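The values are calculated or read from the model by the stated rules, or taken from the named source; none is laboratory data. What you are looking at is a predicted structure, and each value in this text was computed from that prediction instead of being measured. All Cβ positions, even for glycine, are placed from backbone atoms using ideal geometry, and neighbour counts span all protein chains on display. What goes into the accessible areas is simple: the full protein's heavy atoms, side chains included, and nothing from ligands, DNA or RNA. Shrake-Rupley method; radii C 1.70, N 1.55, O 1.52, S 1.80 Å.
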Amino acid sequence: MKNRPELYKFVQNVQYLWICDCIQETISQLNTFKPEQIDGSEEKEITLQMRDNTASFQGMPYLLYFVLPNLYFHVTTAYDILRHCGVELGKQDFLGQP
């Protein structure tokens, strides 16, 4: 595909648009939650089926020690890949705007 730059650019554009659609769909789904649906979740028991075993957490440790580290890992990895591919991104792009 690298030998056909027009095809490569088309595929990149389609992938970008697909990612944008996925992000918008996720935001839409998150906006359907009501506070009473998640209030008290910090005490809720969360059980994840892993490949070879299960992992159990209470809600707050699950968020702090599993979800957030995984989120930061994937955001950082995406940022690094984009930078490596020549996208001009800086620290403020990673941190976002308030």
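Here are the numbers:
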{"item": "Hey, Ala78 modelled with pLDDT under 95, surrounded by 10 or more Cβ atoms within 10 Å (Cβ to Cβ) and part of a strand (DSSP E or B) or not", "result": "no"}
{"item": "Candidate set: the stretch 30-47, residues that are open to solvent by less than 100 Å² (accessible area, probe 1.4 Å), out of contact with any helix residue (DSSP H, G or I) (no Cβ under 7 Å at 6 or more places or on another chain) and not hydroxyl-bearing (Ser, Thr, Tyr); chosen: the one nearest to Gly59 (Cα to Cα)", "result": "Gly40"}
{"item": "When residues of the stretch 15-29 are limited to those that are open to solvent by less than 70 Å² (accessible area, probe 1.4 Å) and modelled with pLDDT under 95, the one nearest to Val87 (Cα to Cα)", "result": "Cys20"}
